[in-house]
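What follows is a short report on a single structure.
The values are calculated or read from the model by the stated rules, or taken from the named source; none is laboratory data. Computed from a prediction, not measured in an experiment: that's the story for all the values here. Cβ sites come from the backbone with ideal geometry, for glycine too, and all protein chains shown count toward neighbours.
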Amino acid sequence: MKNIFIKGIIITLVFIYVGIFRGVPVSFALMSSESYINWMDSLNFGGEETSFSTNYKLQDTLGEVGTGRISSTNYTGLIGFRQAEADPKMTFTISDTTVDFGTLSVSSVSSDSVTITTTTNAVDGYVTTIYETENLKTGAGSDIDDVADGTVTAGSEEYGIRTSGAAGQMNAADTSIITSPQTVALYSSWINGSAVTITFKAAISSLTSAGAYSHNVTLISTGRF
Amino acid sequence: MEKKILFKKVIKITLASLILLLSSPLLPVHAAALTSITDTMTRLKASTVSNHTIKFVQLTGVAAGQKLKVTFPTGFVMGTVDYTDVDLAEGSTNNCTSAVFTDKVLAATPLAATWGAAVAGQVLTFTSGTDTITANKCVLIEVGLNATAGVGGDQQVTNPVAGNNLVMNLATTTAGDVNIDTGFLAVSIIANDQVTVSATVDPTFTFAISASTCALGTLTLVTVQTCSVTLTTTTNADGGYTTTVVGVVAGADLIHSNGSDDIDDATGVQVNASSEEFGIGTSDSGVDIVTESDCVGADNSAAADAQAITNTAQSVASNTVPVSAEATTACFAASAAAITTAGAYSATTTFISTGTF
């Protein structure tokens, strides 16, 4: 009798196994009412939230098959408990909010840099933009010309930025900052600690007006969930 | 026999479980996930007003009478944002980057094709009257000064204190507030989202006079004698510079060596042959001193454009912007009359160049 019962259980498991692999799409139906939302449910047989050390934390789930992200032109699928379980995450930091070139010289290019870092579990990653409300200028209104030829050159009045880092979008040329947002960093999947360095560069000519120059640039990082 | 019956029972249970297992994925989906969700803000700084540009693709569509809800994270201050400060638009496709958006007509409450838009607590709710949003199209919601359709927005949502992983929930719902499509995103609010860039350009100024002597030669009754010096200024003064000329003796600058006689100052703007006159012209224009464009040509001719040098400073060269080695020719001109006392004459003039920083 015991053997028959075991056989029955085995047959059931086989059918479940076949069912999982037969390609029937699983619907992640969100169960909700006025008082609750069950964001997802999952059939698995284990996992825990408690694995951690100083530098990491591991949340694991056992028993799922074929998990991960799939996508085509018309859809994106996040398969598995961990894919669907996570609350949206977005952190953004700017390493320094002050860039001081000091005294500019006609014989050299002055530079300073900040590093922007984004961490997100957004399915399509993130985009960080930069914009200014006005040019780098004096109180009297004289400004440092925006770089227009891709390179800030000593002896020429030019000002711009260049990025470095895998997600940097201005890695190839010194680029002017304008009043419309321009993309300085872009990553197309979730990422932990995506760092991009923005190097600000300025140079002057003998005709650049004397004075104290300043302006603010705004950095906006947006998750693409 | 007993074993056989038990086996049959197990098989039945198995089949029943299997049918349930395989049929459950085919049940109607109660809600689907919104996709391509973004909220592009204009400021991430804590406690600062910001516009919001929210985009997402909804899979099910929004039927007449249904709702679309945006729940801002706790801490965002909705202020007095109302329907005039928000826009709702339907995209032409499900590509939120390239879609062309058509604004919906909004009012405080829905009426026919007009959508109602209202804020209650952290929730911005759009309620359809009879209008709809087609399934699988990108939806655009603007909140703040960027809401320009209809009555332009003049109120913005204020960011909370700094914090990460601030979750905004979005949903399409039935008229009875049952979720249809749902999704969420997170934003990061930071202490300061701006980088202040500063630099200093030190002032520069150089001034040179090509020579400290200028010989007019021997004056005659038939020609005007001239000589010149070049005044050169370089400066990054924002307002440029002004160079002035001033004589050391009032009204009698070209003085005889006897100390008492002199060549009279030019009375107009020309020094003419046979008239006892002394003056200065300049290659610059728009200054106090008259322009003498060709000092060399004036030499040995009957007249030169020049005017008196006084003991009050008169501008002889200037510009209103920074200049690099800007050169101006200061042209001295003199002529003698028949009664001009013979002898050696000389004058000392002073040039002062000043930057306008």
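This table checks each residue for (1) hydrophobic (A, V, I, L, M, F, W, C); (2) in contact with a His (Cβ under 6 Å, 6 or more places away or on another chain); (3) not assigned by TED's automatic domain parsing to the domain that holds B:Asn51.
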position: B:Gln156; (1), (2), (3): no, no, no
position: B:Asn164; (1), (2), (3): no, no, no
position: B:Leu170; (1), (2), (3): yes, no, no
position: B:Gly176; (1), (2), (3): no, no, no
position: B:Phe184; (1), (2), (3): yes, no, no
position: B:Ala211; (1), (2), (3): yes, no, yes
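Only one of A:Ala195, A:Ala203 is closer than 23 Å to A:Leu104 by Cα and in contact (Cβ under 8 Å) with a residue 40 or more places away in the chain. Can you tell me which?
Result of the check over A:Ala195, A:Ala203: A:Ala203.
If you scan the stretch B:175-197, which residues turn out to be outside any loop (DSSP other than H, G, I, E, B), facing chain A (nearest Cβ under 7 Å) and under 33 Å from the mean Cα position of the chain (by Cα)?
Passing the criteria: B:Leu185, B:Ala186, B:Val187, B:Ser188, B:Ile190, B:Gln194, B:Val195, B:Thr196, B:Val197.
Restricting to the stretch B:77-93, what's the tally of residues that are part of a loop (DSSP other than H, G, I, E, B) and surrounded by fewer than 20 Cβ atoms within 10 Å (Cβ to Cβ)?
6
Out of all the residues in the stretch B:132-144, is one or more more than 21 Å from B:Ser36 (Cβ to Cβ) and among the hydroxyl-bearing types (Ser, Thr, Tyr)?
no
Given the criteria touching a Ser or Thr at 6+ places or on another chain (Cβ under 6 Å) and within 13 Å of chain B (Cβ to nearest Cβ), does A:Val217 qualify?
Answer is no for this residue.
Go through (1) within 18 Å of the chain's Cα centre (by Cα); (2) away from chain B (no Cβ under 14 Å); (3) part of a loop (DSSP other than H, G, I, E, B) for A:Ala173 and report which single condition fails.
In the conditions (1) within 18 Å of the chain's Cα centre (by Cα); (2) away from chain B (no Cβ under 14 Å); (3) part of a loop (DSSP other than H, G, I, E, B), A:Ala173 misses (1) alone.
Let me confirm something: among B:Thr172, B:Thr200, B:Thr226, B:Thr206, which residue is touching a helix residue (DSSP H, G or I) at 6+ places or on another chain (Cβ under 9 Å) and either assigned to a strand (DSSP E or B) or at the interface with chain A (Cβ under 10 Å from one of its Cβ atoms) (or both)?
B:Thr226
Please verify whether B:Leu219 is surrounded by 15 or more Cβ atoms within 10 Å (Cβ to Cβ) and either within 7 Å of chain A (Cβ to nearest Cβ) or farther than 24 Å from B:Ala273 by Cα (or both), treating the condition exactly as stated.
no
Can you give me the ranges of the strands (runs of 3 or more DSSP E) entirely in the stretch B:241-284 with at least 3 residues that are modelled with pLDDT of 95 or more and either under 27 Å from B:Phe207 (Cβ atoms) or out of contact with any Lys or Arg (no Cβ under 7 Å at 6 or more places or on another chain) (or both)?
Ranges flagged: B:241-247, B:277-282.
Does any residue in the stretch B:153-178 that is free of Cβ contacts under 8 Å to residues at least 60 places away in the same chain and of a type in the set (Gly, Ala, Ser) come within less than 9 Å, Cβ to Cβ, of a residue that is surrounded by fewer than 20 Cβ atoms within 10 Å (Cβ to Cβ) and in a loop (DSSP other than H, G, I, E, B) six or more places away or on a different chain, and which pairs are these?
Cβ pairs passing all conditions: B:Gly176/A:Glu34.
Mind listing whichever residues of the stretch B:94-113 are more than 37 Å from the chain's Cα centre (by Cα) and either buried (at least 19 other Cβ atoms within 10 Å of the Cβ) or over 20 Å from B:Thr174 (Cβ atoms) (or both)?
Passing the criteria: only B:Pro110.
Working only within the stretch A:197-225, note down all residues that are within 10 Å of the chain's Cα centre (by Cα), part of a strand (DSSP E or B) and not small (Gly, Ala, Ser).
A:Thr222
Just the residues that are not in a strand (DSSP E or B) and not polar (S, T, N, Q), please, taken from the stretch B:313-332.
Within the stretch B:313-332, B:Ala313, B:Val321, B:Pro322 qualify.
Within the stretch B:113-136, how many residues turn out to be within 27 Å of B:Met78 (Cα to Cα) and in contact with a Gly (Cβ under 8 Å, 6 or more places away or on another chain)?
11
The rows are residues; the columns are (1) within 15 Å of B:Asn146 (Cβ to Cβ); (2) in a loop (DSSP other than H, G, I, E, B); (3) at the interface with chain A (Cβ under 9 Å from one of its Cβ atoms); (4) modelled with pLDDT of 60 or more.
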position: B:Ala16; (1), (2), (3), (4): no, no, no, yes
position: B:Pro25; (1), (2), (3), (4): no, no, yes, no
position: B:His30; (1), (2), (3), (4): no, yes, yes, no
position: B:Ser47; (1), (2), (3), (4): no, yes, no, yes
position: B:Lys55; (1), (2), (3), (4): yes, no, no, yes
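In the stretch A:176-196, which residue that is among the hydrophobic types (A, V, I, L, M, F, W, C) and either part of a loop (DSSP other than H, G, I, E, B) or surrounded by fewer than 16 Cβ atoms within 10 Å (Cβ to Cβ) (or both) is farthest from the other protein chains (Cβ to nearest Cβ)?
Here the answer is A:Ile178.
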